[in-house]
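Trainee: Below are the C-alpha cells for one structure; questions will follow.
The values are calculated or read from the model by the stated rules, or taken from the named source; none is laboratory data. Quick caveat, the model's predicted, so the values are computed rather than measured. Cβ coordinates were reconstructed from backbone atoms using ideal geometry, including for glycine residues, and neighbour counts include every protein chain displayed.
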Amino acid sequence: MRRLPVRLRLTVVFTLVMALVLAAFGAFVYLRLQSTLDEQLDEQLAVRTDTLASLVRSGDAGQDLPGVAPEDEFAQVIGPDGAILTATPGYAGPILSPDELASAREAPVIIERRAVPGIDGGDARIRAVPVERDGESLVALTGASLEDRDDAIGGLLTQLLIGGPIALLLASLAGYAVAAAALRPVDRMRERAAAISAETPGERLPLPRARDELSRLGETLNAMLGRLEAGVARERRFVAEASHELRTPLALLQAELELALRRPRSASELEGALRSAADEADRLALLAEDLLVLARADEGGLALRRSEIQTRELLETVARRFSARAAPSGRTVSVSAAEAPFVNGDRLRLEQALGNLVDNALRHGAGNIRLEAEQVNGAVALRVSDEGAGFPPELLPVAFERFRRTGEARSDGSTGLGLAIVDTIARAHGGRAAAVNRPDGGAEITILLPADDRVQPAPA
C-alpha cells in the first residue's frame, strides 16, 4: 500500500470508505423495507384476526370463513383442547406448536412459519389472539403468505447488488479524478523544483490559488529556497573574500622570497626579508585558523569542552596576556567584576573571543581597555570597552559579519574575522554578542552567556 502513488492510495481509501457507506446504506434500506412491509402485513392480519374473533364470539364462524383466499391467506379457530373447530379449507391441521398455542391463549402473538403447506411461496406470517366464548378459552388465528414481501425485498436486494458496484465504480473514478486534480499543484511545484538550481536564483515554486494546505506548503518551501539562496550567496561571498584575503599575504610572501633570491643579499637584508616572510606566514596561519573555526561552526557548531568557569579569573587571564602589549603605548587593560558569576563553557574558546575583543580595542580603539563581568536577567554579561572613537555608524549594524572592516582596518592587516568569531563562539555557548558605542565615547562589545547557578563575591 505504501508503495503506491499518493493519488492511488487516496483512491483506494476513498473506494473502501464508499464501499462501507454503500453497504451500510443498502443494509439500512433493505432492513427498513422489510420492517415496513412486515408492519403493513401485521396491520392487515390484525384487522382479519379481530374480525374473526368477533365472528367467534357471536357464533357466526362456520366451516367456511368468508373473505379468505386459500392460496394467499388462511384462518383457524382452535378450541380449549387444541382441536381445530373451524379452518380455511386445506388448513385443518395444527399450525401452532403447543408452546406457541399456550402463549396465544395469554396474549396476541405474531409468528413467522416456514414451509406452510398450501400457501403460495410456502412461508407465512401468522397472528393468533385469545378469544373468550361461553366461558371457553379459544384461539383465533389468521395467516398470510410472505411471497409478496419476499419478492419485494428480493428485488431490492438484486438492485442493490447490481447498482451498488456500479455506483462504487463511478465513485472511485470520481475520487481518482478529484485526487488527481488536488495533486496537480504538487506536480507543478515538483516540475518547477526540478528546474531550480544554483544557476537560477530567484526562481520560486508556483502556488495554487486556494489558500489551503498546499498553498501553505508552497509558501514554506519558497521561504526555505530564499534561505538557501541567501546561504549560498553568503558562502560564495565568504569563499571569494577568503580567497582575496589569502591571495594578499601569499603574494607578499612570494615577492619577499623572490626579491631575496634575485641577487646576492647581505645578512641583514636576508634577515629582514625572512622576518617579513615570517610575518606574512603568521598572518596566513592566523587567517587559516579563523577560517577553520568558522567552517566548523557552519558544519554544525563548534565542539566545546565545557567546564565551570569563574568569570573574574577568566578576565584576569586575558588582561595579563595583553597588558605587556598595551604598556608601550601607555594604555592599560583592567578588570572590573563586583560579583564573579560562574558560566559553564569552553575556557579556551571564551579566552579566544575575549582576546579578539581586546586585540580589536588595541588595534582600532584608544585609551584604557576595561573588562567587566556581571549577572544580568539570568545571563552573564562579559564586556570589553575602550575610550576611542567607537564604531563608524555604517559598520555598527554589521559589525559581526565576516570580513567587515573599515579602510583603516584593511591597511593594518586585519582579516575582518575577529568579531565574526566572537559571535560564533557566543552562539555556540547558547548566547549572543552585541556591539554599541558608549555615550561618553568608545566602543563596548558584550558577550551574553547563560549563567551558572552560583555567584561568588569578588575578593576584598
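Trainee: For segment 363-373, which residues satisfy the criterion of being surrounded by fewer than 18 Cβ atoms within 10 Å (Cβ to Cβ) and out of contact with any Ser or Thr (no Cβ under 8 Å at 6 or more places or on another chain)? If you could, list the steps in order and put the result at the bottom.
Mentor: Let us first name the residues in segment 363-373 that are surrounded by fewer than 18 Cβ atoms within 10 Å (Cβ to Cβ), namely 363, 366-368.
Correct list: ALA366, GLY367.
Trainee: Please note which strands (runs of 3 or more DSSP E) are completely contained in segment 376-460 and include at least 1 residues that are at pLDDT 70 or above and hydroxyl-bearing (Ser, Thr, Tyr).
Mentor: Working: elements: 379-385, 432-437, 443-457.
Per the criteria, 379-385, 443-457.
Trainee: While we're on this one: Within segment 356-375, work out how many residues are assigned to a helix (DSSP H, G or I) and more than 15 Å from VAL318 (Cβ to Cβ). Give the steps one after another, and end with the answer.
Mentor: Step one: filter segment 356-375 for residues assigned to a helix (DSSP H, G or I), giving 356-364.
Imposing the further condition that a residue be more than 15 Å from VAL318 (Cβ to Cβ) reduces the set to 363-364.
So the answer is 2.
Trainee: Could you check segment 134-160 and list, in sequence order, the residues that are among the small types (Gly, Ala, Ser) and under 14 Å from PHE74 (Cβ atoms)?
Mentor: Quick first cut of segment 134-160, residues among the small types (Gly, Ala, Ser) only: 135, 137, 140, 143-145, 152, 154-155.
Scanning segment 134-160 gives ALA140, GLY143, ALA144, SER145.
Trainee: How do the pairs read when you match residues in segment 1-28 that are under 14 Å from ALA171 (Cβ atoms) with residues anywhere that are among the aromatic types (Phe, Trp, Tyr), using Cβ under 6 Å and keeping only pairs 6 or more apart or on different chains?
Mentor: So the pair list comes out as THR11/TYR176.
Trainee: Could you check how many residues of segment 194-214 are part of a helix (DSSP H, G or I) and either touching a residue at least 60 places away in the same chain (Cβ under 8 Å) or surrounded by fewer than 14 Cβ atoms within 10 Å (Cβ to Cβ) (or both)? Can you show your working first?
Mentor: Restricting attention to segment 194-214, the residues satisfying the condition of being part of a helix (DSSP H, G or I) are 194-195, 213-214.
Remaining after also requiring either touching a residue at least 60 places away in the same chain (Cβ under 8 Å) or surrounded by fewer than 14 Cβ atoms within 10 Å (Cβ to Cβ) (or both): 194-195, 213.
Going through segment 194-214 one residue at a time, the tally reaches 3.
Trainee: Would you mind finding the one in ALA140, ALA87, ALA75, ALA102 that is surrounded by fewer than 19 Cβ atoms within 10 Å (Cβ to Cβ), closer than 19 Å to VAL56 by Cβ and either hydrophobic (A, V, I, L, M, F, W, C) or at pLDDT 90 or above (or both)? Spell out the reasoning first.
Mentor: Numbers: ALA140 fails: surrounded by fewer than 19 Cβ atoms within 10 Å (Cβ to Cβ); ALA87 fails: surrounded by fewer than 19 Cβ atoms within 10 Å (Cβ to Cβ); ALA75 fails: surrounded by fewer than 19 Cβ atoms within 10 Å (Cβ to Cβ).
Matching residue, one of ALA140, ALA87, ALA75, ALA102: ALA102.
Trainee: Name the residue, out of ARG192, ARG133, that is more than 47 Å from the chain's Cα centre (by Cα) and at pLDDT below 90. Break it down stepwise before answering.
Mentor: Values: ARG192 fails: more than 47 Å from the chain's Cα centre (by Cα).
The unique qualifying residue is ARG133.
Trainee: In segment 261-273, which residues are among the hydrophobic types (A, V, I, L, M, F, W, C) and closer than 20 Å to LEU284 by Cα? Break it down into steps so the answer makes sense when it comes.
Mentor: So in segment 261-273, the residues among the hydrophobic types (A, V, I, L, M, F, W, C) come out as 261, 267, 270, 273.
Residue satisfying the conditions is ALA273 alone.
Trainee: Show the residue pairs meeting these rules: Cβ distance below 8 Å; 6+ apart or different chains; first residue within segment 322-348 and within 12 Å of ASN368 (Cβ to Cβ) and surrounded by fewer than 18 Cβ atoms within 10 Å (Cβ to Cβ); second residue among the acidic types (Asp, Glu) and at pLDDT 90 or above.
Mentor: Listed pairs, sorted by first residue: SER336/GLU372.
Trainee: Sticking with this one: Against the definition (surrounded by 13 or more Cβ atoms within 10 Å (Cβ to Cβ), in contact (Cβ under 8 Å) with a residue 12 or more places away in the chain, within 30 Å of ALA27 (Cα to Cα) and among the hydrophobic types (A, V, I, L, M, F, W, C)), how does ALA174 come out, yes or no? Walk me through it before giving the result.
Mentor: Details: surrounded by 13 or more Cβ atoms within 10 Å (Cβ to Cβ): yes; in contact (Cβ under 8 Å) with a residue 12 or more places away in the chain: no; within 30 Å of ALA27 (Cα to Cα): yes; among the hydrophobic types (A, V, I, L, M, F, W, C): yes.
Judged against the criteria, ALA174 is not a match.
Trainee: Would you be able to tell me the number of residues in segment 22-40 that are of a type outside the set (Gly, Ala, Ser), out of contact with any helix residue (DSSP H, G or I) (no Cβ under 8 Å at 6 or more places or on another chain) and more than 16 Å from ASP151 (Cβ to Cβ)? Give the steps one after another, and end with the answer.
Mentor: First pass over segment 22-40, keeping only residues of a type outside the set (Gly, Ala, Ser): 22, 25, 28-34, 36-40.
When the remaining residues are screened for being out of contact with any helix residue (DSSP H, G or I) (no Cβ under 8 Å at 6 or more places or on another chain), the result is 25, 28, 31-32, 36, 39-40.
With the extra rule that they be more than 16 Å from ASP151 (Cβ to Cβ), the set shrinks to 25, 28, 31-32, 39.
Residues in segment 22-40 being of a type outside the set (Gly, Ala, Ser), out of contact with any helix residue (DSSP H, G or I) (no Cβ under 8 Å at 6 or more places or on another chain) and more than 16 Å from ASP151 (Cβ to Cβ): 5 in total.
Trainee: On to the next question. Look through LEU205, LEU169 and report the one residue that is out of contact with any His (no Cβ under 6 Å at 6 or more places or on another chain) and modelled with pLDDT of 85 or more. Outline the logic, then answer.
Mentor: Details: LEU205 fails: modelled with pLDDT of 85 or more.
Checking each option against the conditions leaves just LEU169.
Trainee: Within segment 11-32, identify whether any single residue is loosely packed, with under 14 Cβ neighbours inside 10 Å, aliphatic (A, V, I, L, M) and modelled with pLDDT under 90, and answer yes or no.
Mentor: There is at least one residue in segment 11-32 that is loosely packed, with under 14 Cβ neighbours inside 10 Å, aliphatic (A, V, I, L, M) and modelled with pLDDT under 90.
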